[in-house]
Amino acid sequence: MALFGAERVAFLGTGIMGAPMARNLLKAGFQVCVWNRTLDKARVLAAEGADLAETPADAVREAAFVITMLIDGAAVLAVMGQAAESVPDGAVWLQTSMVGRDAERVAEFAEDHGIMFVNCPVIGTRETAKRGRLVVLASGPGDALDRARPIFDAIGSKTVRLEPEARGASRMKLVANAWTVGIVESLRDQVSRWLVRLKT
């Protein structure tokens, strides 16, 4: 049962990857509130039906899900530092950025602020993001992953669920396998476009 009625998503970071992801969520019927450091990039999505927030805190206030798609871990921590106190109880933070070594710091930040957290970086290109064919690597509590499935389905063609406590070689193997899937998906899309051009 949804805690917030119609599912409302706060999308923080509407750049090269974030904008098409947010757009696909709108197409899937989610209520989307967007924020970007450069507001003009978010304003384009407002013209397509998204709500526009001037601050990260404003964006997350009524959200069932908070999605971050930012340049790195430092940016994620800085933006969520402004938003964390306004995240509603029970909301799920879906961290889709590639944060590398900062992943543990980001997870600890979520725990310190009592926010349900899913680390779910996405693999793909701007083109696969536009087509809703990203690969999502999702690690987090099972109930949160279940709740987030409609979001993952809207932005991606495949979701790989990783064990929440996976470490070391096991995690690297899973990530490597998922990375291979992402490459195959991208190549398949490119080959399909080439074949269409050859036929025309």
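Matching residues to (1) closer than 24 Å to Ala144 by Cβ; (2) part of a loop (DSSP other than H, G, I, E, B); (3) among the aliphatic types (A, V, I, L, M); (4) open to solvent by less than 10 Å² (accessible area, probe 1.4 Å):
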{"residue": "Ala22", "(1), (2), (3), (4)": "yes, no, yes, yes"}
{"residue": "Asp40", "(1), (2), (3), (4)": "no, no, no, no"}
{"residue": "Ile67", "(1), (2), (3), (4)": "yes, no, yes, yes"}
{"residue": "Ile71", "(1), (2), (3), (4)": "no, yes, yes, no"}
{"residue": "Ala75", "(1), (2), (3), (4)": "yes, no, yes, no"}
{"residue": "Met80", "(1), (2), (3), (4)": "yes, no, yes, yes"}
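Check Gly5, Gly114 and return the single one that is more than 18 Å from Ala129 (Cβ to Cβ), at pLDDT below 95, open to solvent by 40 Å² or more (accessible area, probe 1.4 Å) and assigned to a loop (DSSP other than H, G, I, E, B). Spell out the reasoning first.
Values: Gly114 fails: at pLDDT below 95.
So the residue among Gly5, Gly114 that is more than 18 Å from Ala129 (Cβ to Cβ), at pLDDT below 95, open to solvent by 40 Å² or more (accessible area, probe 1.4 Å) and assigned to a loop (DSSP other than H, G, I, E, B) is Gly5.
Go over the candidates Arg133, Arg149, Arg105 one by one and state the one that is open to solvent by 20 Å² or more (accessible area, probe 1.4 Å), under 14 Å from the mean Cα position of the chain (by Cα) and in contact (Cβ under 8 Å) with a residue 12 or more places away in the chain.
Details: Arg149 fails: in contact (Cβ under 8 Å) with a residue 12 or more places away in the chain; Arg105 fails: under 14 Å from the mean Cα position of the chain (by Cα).
Just a single option satisfies the conditions, and that option is Arg133.
Examine the range 162-182 for a residue that is modelled with pLDDT of 95 or more, open to solvent by less than 20 Å² (accessible area, probe 1.4 Å) and within 23 Å of Val76 (Cβ to Cβ), and state whether such a residue exists.
Step one: list which residues in the range 162-182 are modelled with pLDDT of 95 or more, which gives none.
No - not one qualifying residue is present in the range 162-182.
Which of the residues spanning the range 72-95 are farther than 9 Å from Ile115 by Cβ and of a type in the set (Gly, Ala, Ser)?
Gly73, Ala74, Ala75, Ala78, Gly81, Ala83, Ser86, Gly90
The values are calculated or read from the model by the stated rules, or taken from the named source; none is laboratory data. These figures come from a predicted structure and were not determined experimentally. Glycine gets a Cβ as well: all are built from the backbone with ideal geometry, and neighbour counts include every protein chain shown. With ligands, DNA and RNA removed, areas are computed over all heavy atoms of the protein, side chains included. Shrake-Rupley method; radii C 1.70, N 1.55, O 1.52, S 1.80 Å.
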